Amino acid sequence: MAPLIAGQPFYRPGRWKDGRFQYPQPTTPLPITKSLPARPAAVMLHDVDGTVRTLCLDLDTSKARKTVVDDDARRLGKILRAAGLAYVEDESPSGGRHLYVPLQEPLTAAEARQLVEAFGRRAVSLDPSPHQNVVHGCIRVPGSAHKAGGHQRLITPLMDAYGILTRRNPTTALAALRTVLAPELHRLEQQRRAQERATAATAAVRAIAKGSATSSAPTAGSERPLRSVARTGLYDTSRYASDSEVRMAVLNHFAACRWTLDQVRAGMADQFAGLAALYGTKTDRLLPVEWAKAQAFTATTAPAKDPSQRAGKKTAHKYDTSPTPLTGGSPKSTTHQGSQLSELSIHQLVNDLENVLYALLDHRLMERGREGIHLRFLIRAVLAYMRTMETNILDVGCRTFALALGKSHATIARLLPVLEQASAGILTRIDRGRGRNADTYAVQLPQHFEQLARDLTWRKGKIHAIRPVFRVLGDVSALAYEAIERGRHSPTTADLTRTTGISRRALIDHLAGMEALQMIRRHHGRWELMTTTNLAQLADRLGATEDREAQLTRYRKERAAWHAWLDRHLVPQLNEHELHDAETDDHWLPPLENEDEYQRSLWNAARQAA
């Protein structure tokens, strides 16, 4: 099988070098023959022109536990079969797996690398390095000797494996694979562009400062250690003495993030297979007990202070050139409680305001160009907050809405006064923020909009700020998706252009992107939603969930630093009713679909954690 897998008719013998087992290039090329090499050997994946005829997925036990490797092999096999691709599988004596996907038409090295890295987003144990090095990328094939003894064992039946490697997979199956991996490919492309922009910016700065244009690519941030442990099952034995200790550390992390036991179980069945591997067969017996301990620990343990808050160090707000926006609840919010409406009245008010928004206000904001798009989503975030928290008094900071919209808090601070003027009396500031307290706004239905709201029929469906998936896809995609979702009939592209106020050219590009991600489809010239696509799972695959968590973590640190500064300088000037209440929630997150009760508890928990 080696000649059917190899990109070149040569192999490399392996040997120990600098403490690692490597496959260096021999002085004289060694041709592949029918004789089995006596020692471990690997074949080259790339041809001399850099093309690849066989995709090789290397699942390595050095990157994750064997149970995680086995789970990844099953997951990747399912993806390949769903795309109509046949593959050959083998297993090494160490527990690693190799999946070989033969192709009728060769791929360029860049295309093969992109696909393998996309697979790596779905399987934490996958080692993409064989396809990341055109000159030295190689892999051991079935039957090859292993450095620890034994041989690479073929799992696919021999005759089936030979038939798969000789017939090979058609180009149409490869196109189907790209469709299945569209979210991961999109994420990799976005990261590549961001890295290129960062590299170019760094090069420009260095060129100005030193007169040199030479620059290296910035180092990407690594995953949080406990999340990595939960994915791989591997941990630092110098820090954690046993599986039990590292399990509790991971559970404490999830409990501090306000996860539920059901969420932990669901994660263990999918992306956090490493945590399941740490439990082995004792999951059902130990998980409920240890989860209860983690909840009790995080409920009674105060969060650790940021290093910048320690004695002798000053807290400097260097992340913005303007003064830090004031955040937190309004000190006079209690005086406004009597003016708040009942829960039923709040929902009726939001329904009326939605009618005004879609019938009139949206069209007015369209005339403001790019700023108008931001304002349209900000008013949606206000209405979504009202419905979720059942209040018409907004006494939360700019970071709350920044988190809901996936934007900078400085942008929200600039847009709120503009929205107050553009809303024609819907949004009114009733109190200025100071100290820990944010500006307080009241939301109402002005008298000149009452007749309009009364004449229109309330529409089904929820109103959203920016759902996590659109943090990656952008505001234009969010507007187009909302127009399709809320339309009485499936709209055409021309209908969407009129509804959203976006140019046809820009709209076509974003519609094509969502169609590639199987969020929408075009049927008889009209756009429809793909109800089988889970937006929450898609957000995970696109990296939007991690982006939101990183933003929330950053805001928690900034808020803690600001509160620490106030404690050191302004505590004697504060009255009793102005002191920060640890029970008060400071953050609101946009609601998830079809989980109303769970939403409210999640938002309150997230705000309290912040």
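The values are calculated or read from the model by the stated rules, or taken from the named source; none is laboratory data. Source: prediction; values computed, not measured. Note that each Cβ is placed from the backbone with ideal geometry, even for glycine, and that neighbours are counted across all protein chains shown.
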Meets criteria (assigned to a strand (DSSP E or B) and either out of contact with any Gly (no Cβ under 7 Å at 6 or more places or on another chain) or closer than 30 Å to Thr281 by Cβ (or both)) for Asp58 = yes
Answer yes or no: is there a residue in the range 155-162 that is crowded, with 18+ Cβ neighbours inside 10 Å and farther than 28 Å from Ala38 by Cα.
-> no
Please give the helices (runs of 4 or more DSSP H) falling wholly within the range 421-538 in which 3 or more residues are small (Gly, Ala, Ser), modelled with pLDDT of 90 or more and buried (at least 16 other Cβ atoms within 10 Å of the Cβ).
-> 475-486
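Which of the residues belonging to the range 87-143 are of a type in the set (A, V, I, L, M, F, W, C), in a strand (DSSP E or B) and closer than 17 Å to Gln22 by Cα? Working first, answer last.
Pass one, the range 87-143, residues of a type in the set (A, V, I, L, M, F, W, C): 88, 99, 101, 103, 107, 109-110, 112, 115-116, 118-119, 123-124, 126, 134-135, 138-139, 141.
Next cut, in a strand (DSSP E or B) only: 88, 99, 101, 103, 107, 126, 138-139.
Hits for the range 87-143 are Cys138, Ile139.
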Answer yes or no: is there a residue in the range 425-439 that is at positive phi and more than 35 Å from the chain's Cα centre (by Cα).
-> yes
Going through the range 2-50 one residue at a time, which ones are assigned to a loop (DSSP other than H, G, I, E, B) and crowded, with 18+ Cβ neighbours inside 10 Å?
-> Ala6, Gly7, Gly14, Tyr23, Ile32, Pro37, Pro40, Leu45
If you take the residues of the range 63-102 that are among the hydroxyl-bearing types (Ser, Thr, Tyr) and at pLDDT below 95, which of them is surrounded by the fewest Cβ atoms within 10 Å (Cβ to Cβ)?
-> Ser94
Among helices (runs of 4 or more DSSP H) lying entirely in the range 160-256, which contain 1 or more residues that are at pLDDT 90 or above, charged (D, E, K, R) and under 30 Å from Glu290 (Cβ atoms)?
-> 243-256
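Here are Leu85, Leu36, Leu55, Leu30: which of them is among the hydrophobic types (A, V, I, L, M, F, W, C) and free of Cβ contacts under 8 Å to residues at least 40 places away in the same chain? Full working, then the answer.
Details: Leu85 fails: free of Cβ contacts under 8 Å to residues at least 40 places away in the same chain; Leu36 fails: free of Cβ contacts under 8 Å to residues at least 40 places away in the same chain; Leu55 fails: free of Cβ contacts under 8 Å to residues at least 40 places away in the same chain.
Sole residue among the options that is among the hydrophobic types (A, V, I, L, M, F, W, C) and free of Cβ contacts under 8 Å to residues at least 40 places away in the same chain: Leu30.
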